[in-house]
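K.L.:
Below is the structure I would like to discuss, written out as structure tokens.
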Amino acid sequence: MNVQIEASWKERLADEFSKPYFAQLTAFVRSEYHATTCYPPGPLIFNAFNLCPFERVKVVIIGQDPYHGPGQAHGLCFSVNDGVPFPPSLQNIFKEIESDMGTPVPASGNLTRWAEQGVLLLNATLTVRAHQAGSHQRHGWEEFTDAVIKTLSDEREHLVFILWGAYAQKKGAVIDRNKHLVLSSAHPSPLSAYHGFFGNRHFSLTNAYLQQYGKQAIVW
């Protein structure tokens, strides 16, 4: 499967990799990828980490599950590969950016450009079976990504954590609000976007906070 994680993350998360749950998770994921089609492709499972080393993280956006359609998921929450139609939540994210920042909707839904600026696009569950949403939940990924969030909260300062929807907000319970900015709102999905996502101004608020602490703003 050629699954690798960037060196700074490998060092910070060494304790997690040595725990029994992670060995069980690894065995489960390997068996799933061997038996059926899963997403994202094996080398992209840790793409969010590989594009955004630990010390370069400025912003964390928490998603839930990878997209489960062909060609969509590439290891970054809410992001799709070049040329793939925008899923509804991503459409709404771009609408809010346009409203908040005046930035036109881009031609591509590939958010690699955000990751390379220090935005960790972290799904709670990093893999999924094709066409079966949530199929790899409760096998250990959530414990691993909880540890990622806690490690960032504990070891870094003045990060922005963006929590859209109840699931992400629950996952953000471990974040130290005295050290970091936590932005919460409704989820950008069509079911909830008009109930508090649109108009949340999370993108301009993020940049104002980053600049307050001498960090470069994100080009959304």
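The values are calculated or read from the model by the stated rules, or taken from the named source; none is laboratory data. Keep in mind it's a predicted model, so treat the numbers as computed, not measured. Here the Cβ is made from the backbone with ideal geometry for all residues, glycine too, and neighbour counts use every protein chain on show. Side chains are part of the model used for accessible areas, which takes the heavy atoms of the whole protein and leaves out ligands, DNA and RNA. Shrake-Rupley method; radii C 1.70, N 1.55, O 1.52, S 1.80 Å.
K.L.:
Given a cut-off of 19 Å, name the pairs among LYS179/LYS215; LYS19/LYS150; LYS171/LYS215; LYS150/LYS171; LYS150/LYS170 whose C-alpha atoms lie farther apart than that in the structure shown.
P.N.:
Numbers: LYS179/LYS215 15 Å; LYS19/LYS150 16 Å; LYS171/LYS215 25 Å; LYS150/LYS171 10 Å; LYS150/LYS170 13 Å.
Distance filter (> 19 Å) returns LYS171/LYS215.
K.L.:
Which of GLY83, GLY63, GLY165 moves the most in a Gaussian network model of the chain with Cα springs under 10 Å?
P.N.:
In the Gaussian network model the winner is GLY83.
K.L.:
Run the helix sum for the chain: -39,500 (n - 2.57) per DSSP H stretch of 4+ residues, divided by residue count, reported at 222 nm to the nearest 500 deg cm²/dmol.
P.N.:
Details: 9 runs with 82 residues, N = 220.
Mean residue ellipticity at 222 nm (helix-derived): -10500 deg cm²/dmol.
K.L.:
Can you compute the modelled spin-label distance between VAL182 and ALA130, with each label point 7 Å from Cα toward Cβ, in nm?
P.N.:
Reported label-point gap for VAL182 and ALA130 is 3.9 nm.
K.L.:
Using only the heavy atoms of the protein chains and a 1.4 Å probe, how would TYR67, TYR21, TYR194, TYR167 rank by accessible area, largest first?
P.N.:
Working: TYR67 50, TYR21 25, TYR194 180, TYR167 80 Å².
Solvent-accessible surface, decreasing: TYR194, TYR167, TYR67, TYR21.
K.L.:
Could I ask something else about it? Computing the accessible area with a 1.4 Å probe over protein heavy atoms, can you report the carbon and sulfur percentage for segment 120-184?
P.N.:
45 percent
K.L.:
Give me the net charge for the shell around GLU6: Cβ to Cβ below 14 angstrom, other residues only, Lys and Arg +1, Asp and Glu -1.
P.N.:
Working: positive: LYS10, ARG12, ARG56; negative: GLU11, GLU55, GLU116.
Taking every other residue near GLU6 into account, the sum is 0.
K.L.:
Rounded to the nearest whole Å², what accessible area per residue is found for segment 53-194 with the 1.4 Å probe? Walk me through the numbers on the way to the answer.
P.N.:
Numbers: 5700 Å² over 142 residues.
Value for segment 53-194: 40 Å² per residue.
K.L.:
On to the next question. Determine the principal axes of the Cα atoms in the chain, then give the extent along each, sorted from largest to smallest and rounded to whole angstroms.
P.N.:
Largest first, the chain extends 45, 37, 27 Å along its Cα principal axes.
K.L.:
Tally up the carbon and sulfur contribution to the accessible surface of segment 15-90 as a whole percent, 1.4 Å probe, everything protein left in place. All intermediate terms of the calculation are to be shown ahead of the outcome.
P.N.:
Working: 1840 of 3190 Å².
That share works out to 58 percent.
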